[in-house]
1. Just give me the residues in the range 492-516 being touching a helix residue (DSSP H, G or I) at 6+ places or on another chain (Cβ under 6 Å) and not aromatic (Phe, Trp, Tyr), in sequence order.
2. Helices (runs of 4 or more DSSP H) wholly in the range 552-671 with at least 1 residues that are modelled with pLDDT under 95 and within 16 Å of the ligand (Cβ to nearest atom) - which ones?
3. List the number of the failed condition for Thr3; all other conditions in (1) within 21 Å of Thr90 (Cα to Cα); (2) at pLDDT below 70; (3) assigned to a strand (DSSP E or B) hold.
4. Give the range 277-308 a look and list any residue that's of a type in the set (A, V, I, L, M) and under 24 Å from the mean Cα position of the chain (by Cα), or say none.
5. At least 3 residues that are away from the ligand (no atom under 16 Å from the Cβ) and surrounded by fewer than 21 Cβ atoms within 10 Å (Cβ to Cβ) in each: list the helices (runs of 4 or more DSSP H) lying fully within the range 358-463 that qualify.
6. Looking at Leu314, Leu292, Leu322 in this structure, which one is more than 30 Å from Ala438 (Cα to Cα) and crowded, with 22+ Cβ neighbours inside 10 Å?
7. I want to confirm something. Restricting to the range 108-137 and keeping residues that are at pLDDT below 70 and surrounded by fewer than 18 Cβ atoms within 10 Å (Cβ to Cβ), which single residue is nearest to Leu416 (Cα to Cα)?
8. Yes or no: Ser545 farther than 18 Å from Arg211 by Cα and within 16 Å of the ligand (Cβ to nearest atom)?
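The values are calculated or read from the model by the stated rules, or taken from the named source; none is laboratory data. What you see is a predicted model; the values in this text were computed from it and never measured. Cβ coordinates were reconstructed from backbone atoms using ideal geometry, including for glycine residues, and neighbour counts include every protein chain displayed.
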Amino acid sequence: METVVAEVTSARPLGTLLLLRLWKEPLVSLVPDRWFCARVTVTGPLGDGDDEGGDDDGDGDDGDDGDTPRATFPCYRWLESGCLELREGTARTPRGAAWEPRLLQQRQEERREREEAFQWAPYSPGWPWRLRALSPALCPWPPPPPPPPPSSSSSSSPSPGGAPPPQLPPSLAFPLGHRASMAARAAAAQVRVRLRGLRCGGSWRSFEDIREALGGPGTPISEYVVQHWQDDAFFGEQYLNGVNPVLLRRCSRLPPNFPVTPPMVAPSLGPATCLQREMEGGRLFLADYALLEGLPTGRPGGDPQFLAAPLCLLWLSPRRQLLPIAIQLSQRPGPEAPIFLPGDGPWGWALAKLWVRGAHFTLHEVVTHLLQSHFLGETFATATHRLPACHPVHQLLLPHCRYTFHINILARETLLNPGGIIDQATAVGREGTLELVARGTAALTYTELCVPDDLEHRGVTDIPNYYYRDDALEIWGAIESLVEGIVALYYPEDSDVAEDHELQDWVGEIFTYAVLGNEKTGFPSKLCSRPELVKFVTMIIFCCSARHAAVNSGQYDYAAWMPNTPGTLRRPPPRRKEEATAELLLETLPSPDATGALLALLSVVSYEGGEPRPLGSRTQEPFSGAAPRRLLGAFRRRLAAISHRIQQRNEGLALPYPYLDPACVQESVSI
Ligand code: FE2
């Protein structure tokens, strides 16, 4: 397999270049003869000063830098034999292409091909839809697939929706070395924990046992977690700068199902204040896990697993620490749902926090991570691939779709399959995950995916030391500036947005297949103005890059020490405070087998393998023209400044927050 960059130079004027045809003769051989063509660049006098990149047609492209006219024809496809028709790479809206009927015809034909190649398919009731199939000819990454060998014992399970999983070309698979290192890392972690766990007879006898079993390769942050996991201040800080920093909300009124009374929290608040005063002062916050109420749970190895749906009240103390002050392990108050308090004794309070952390793991992994990053990302990628390649939105979003199909297919075939890691290592298992993703999809809001709106809505704009917020706002601003610039190039007026039928189809498909046409989500079903388009595209780029990094990259750091983030729990939540003992806490923790299975997963998914593509790198740059390049240059410089500030800040922190450093944020959901 070869990748070719072909450059054709013409000595005489070519006039206006509309389309370019590539013809490849088949090689008379049994050896596969496929070529990956990235692009064709035509350089020379193109005509009477003609430059396909010229801006005179209002397409936003003011030509290449330098004196030589140049036209670029992006291809990014595999050629085996026959003819391929390419159009010049300048981004154009349908209106921008209307001046030439031949181009319009090519655009319509390409769109039909893409809609055939990138089809929607359901996965499970209530879920965002997924990619059904992928035509190798239109695959933007090399190479096309050989026919799969017939197998009578396929390990992949049929999808709940009935459609077969898409056959991905090997090209969409991660590079072989990357896959090998993923497998080796996972196996090493699993074998290590399970072997050491065997000595415990399938259960933990002490925290020393756990420490010995989990004492593998740590990170500075995972070591910090081992030292501080029982500290209330660290418990609270994880809501701000841990792996799910988008859950906490200000509590201006206690929910009716969480009857905390002033005397309960008076010992935590001290004599100088009271519950009402702290609430009115905006210093009380709530973590509510209501979405988990009543979910089915799994039985790995035949043992029942348990999950709570807690409510946790936190207080921002005068020392600027966020401290838990009351925990109820059920959404239904009553004698069997006591409200645990810090003064309840070491084991009662520790058990209550353990149950909250278990719920936190489930809500984070299934809703914030899998649903809101991976599965939504797949809907964005599918809709975007169905746009013509010359559409400005297609060109802008293509780098943010890289490998998303592949990682999601892997997730469905190795995590979500019956008996897969979800079944082995989590309380909800596959059945509960199917239900929880459906609940999360129904509860999703456009507001929570748009950083400024989300922070305002949750009432956390002024909470101190909230590094996720600070970094996310800056990255959102940088992306928004880039998108504003690109949109201004191709959509001079609001009416240009409203009248772009391809764009309207694109956003309509996302509304239909991502949030299932649910108007309560606030997702737009059409875009009527430039600001609406800017916000929607900014949201997509942010979610596919920074938001995924924020909820993905710290998984090993915060969960490698299993008692801090248990994937499942093996005893029911305590119904009376007197039940809490050190023995119950150890018996409640996940088994060594479940711990090993989860650690194997975390060892893989917390690290970007292969070729890292930090936000802004856009190594397969589809845009042509100086104006988009200037915007991208400014974007990269702004990201570099953000990176510098974050690295300087982290140097002064005992617990750094590195996950939104743009140098570490990948462009797409690819792990
Ligand atoms: Fe991920």
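1. Passing the criteria: Asp494, Val497, Glu509, Ile510, Ala514, Val515.
2. Once the helices (runs of 4 or more DSSP H) in the range 552-671 are filtered for at least 1 residues that are modelled with pLDDT under 95 and within 16 Å of the ligand (Cβ to nearest atom), what remains is 555-559, 592-605.
3. Here Thr3 meets the rest and fails (1).
4. Ala287, Ala290, Leu291, Leu292, Leu295
5. Ranges flagged: 429-443, 446-449, 451-458.
6. One residue alone meets the criteria, Leu322.
7. Among them, the one singled out is Ala133.
8. Yes: the conditions hold for Ser545.
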